[in-house]
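The values are calculated or read from the model by the stated rules, or taken from the named source; none is laboratory data. Every value quoted in this text rests on a predicted model; they were computed, and no experiment measured them. A quick note on method: Cβ atoms are made from the backbone with ideal geometry, for glycine too, and the neighbour counts reach across all protein chains shown.
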Amino acid sequence: MSTLSVPAGTAPATAKPAAKKVTGSAGKRRLPLLPALIFVIAVTQIPFLLTLFYSFQSWNLVRPGSRHFVGFRNYVDVFTDTTFLGALLNTVVLTVVCVFLSLLLGLGLAVLLDRKFAGRGFVRTLLITPFLILPAAGALLWKTTVFDPTYGLLHFVFGTDTDWLSQFPLAAVMAQIIWQWTPFMTLLILAGLQSQSKEVLEAASVDGASRWRTFVSITLPHLSRFLQLATLLGAIYIVNSFDAIFLMTQGGPGTASTNLPFYIYQRAFEGFDIGQSSAMGVVVVILTMIVATFALRLMFRAFSVDGGVK
C-alpha cells in the first residue's frame with residue numbers, strides 16, 4: 001500500500017486564507033466600536049493635544065495680542081511657583097488622609113454589617129446614602145448644617161462659635177470627603193467579606209482560634225485585593241476633588257485648602273492665564289499617569305488568577 005503525503009508547501013497555502021478569514025471576522029466584530037473610539041479620541045485626546053500646545057505659549061486673555069511661543073518657560077514657572085508646590089502638598093495630604101480614614105471606617109462598618117441583626121437591610125441603605133448624594137450637594141450640606149459657626153451641628157454639640165472653615169479649612173474639607181466616600185469603601189469591603197469561604201471560618205473556630213486571630217490571619221489576607229481596589233479607586237477620585245473645596249472654602253483662607261484642581265481652575269478662569277494653567281494641567285496629567293500605572297500594576301497582580309501578571 002502507498003501512503004498519501006501532503007506536499008510541504010500545501011499547509012501554509014491553506015493556512016493563509018484561514019488566517020485572513022479569522023482576521024477579517026475580528027475586524028468586522030470590532031467595526032461597531034469605531035464610532036465610540038472616534039468619540040473618545042475627539043473628547044479626550046484632541047483637547048489634551050491642544051492643552052499641550054497652549055502650554056508652550058504665553059497667553060493671557062486680558063492682554064489681547066500678547067500670545068507668543070515661550071518654549072518650556074511655563075513649565076519652569078510651574079515648578080518654581082510656591083503656590084503650586086503648596087497645592088501639590090495639600091493634594092497629597094488630602095488624598096492620603098481621606099483614603100486611609102475612609103478605608104479604615106469602611107472596614108469597620110463592613111465587619112459590623114456582615115453580621116446578622118434586625119434591620120440590617122435598612123441600616124445598609126442608610127450607610128450607602130451619602131455616596132448617592134451629589135458631591136456639590138454634600139459640600140453645601142456640610143457647610144451650612146455642620147460647620148456654620150452659629151447654626152451648625154458642631155456649634156450645638158461643643159457650644160463654641162468656632163468658624164471651622166476658617167480655622168481648620170483642610171480638615172473640614174477632609175471630613176466631608178471622608179463622609180462621602182466611606183460608604184463606597186464599605187460596599188467594596190463588604191463584598192469581599194461575603195465572598196469569604198464559610199468552611200474556612202468554621203474550621204478556624206473548631207481549632208480554637210479567637211475572633212481576632214481569625215480576622216487577622218484569615219479574613220484580612222482575603223480582603224487584601226479588595227482593599228487595594230478600594231484604595232486605587234478612592235485615590236483616583238479623591239485626588240480630583242474640586243466641589244468640596246470650591247463650595248466650602250474657596251481654597252482659603254489664603255491657599256490653606258487649595259489643591260491642584262482648584263489652583264488650575266483659579267489660574268485659568270480667574271487669572272485668565274491659559275499658558276501657565278495648561279502647563280500645570282500637563283504636569284498633573286503626567287504625575288497622575290505615573291501613579292495610576294504603578295497602582296494598576298499592583299491591582300492586576302492582586303486580581304490575577306495565577307499571579308503571573310507582569
*asked:* On the basis of being hydroxyl-bearing (Ser, Thr, Tyr), out of contact with any Pro (no Cβ under 8 Å at 6 or more places or on another chain) and part of a helix (DSSP H, G or I), does Thr144 make the cut?
replied: yes
*Scope the stretch 206-260; condition of a type in the set (D, E, K, R) and loosely packed, with under 15 Cβ neighbours inside 10 Å; matching residues*: Asp207, Arg211, Arg213
*asked:* Looking at Phe122, Phe117, Phe147, Phe156 in this structure, which one is under 26 Å from Gln250 (Cα atoms) and surrounded by fewer than 17 Cβ atoms within 10 Å (Cβ to Cβ)?
replied: Phe156
*For the stretch 155-183, what are the residues that are free of Cβ contacts under 8 Å to residues at least 12 places away in the same chain and farther than 23 Å from Leu109 by Cα?*
His155, Phe156, Val157, Phe158, Gly159, Thr160, Gln167, Phe168
_Scan of the stretch 159-182 for residues that are surrounded by fewer than 21 Cβ atoms within 10 Å (Cβ to Cβ) and part of a helix (DSSP H, G or I), ordered by number_ = Ser166, Gln167, Leu170, Ala171, Ala175, Trp179
*Output the qualifying pairs, or none if there are none: Cβ atoms under 7 angstrom, residues six or more apart or on different chains, first residue in the stretch 119-135 and over 17 Å from Leu107 (Cβ atoms) and in contact (Cβ under 8 Å) with a residue 12 or more places away in the chain, second residue of a type outside the set (Lys, Arg) and in a helix (DSSP H, G or I).*
Pro135/Gln180; Pro135/Asp243; Pro135/Ala244
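I need a count of the residues in the stretch 165-185 that are of a type in the set (Ser, Thr, Tyr) and under 16 Å from the mean Cα position of the chain (by Cα).
1
In the stretch 33-64, how many are outside any helix (DSSP H, G or I) and among the hydroxyl-bearing types (Ser, Thr, Tyr)?
2
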*Selection from the stretch 186-204 of residues that are surrounded by fewer than 12 Cβ atoms within 10 Å (Cβ to Cβ) and either free of Cβ contacts under 8 Å to residues at least 60 places away in the same chain or among the charged types (D, E, K, R) (or both)*: Ser195, Ser197, Lys198, Glu199, Glu202
*Would you mind finding the one in Gln194, Gln180, Gln167 that is in contact with a Gly (Cβ under 7 Å, 6 or more places away or on another chain) and modelled with pLDDT of 85 or more?*
Gln180
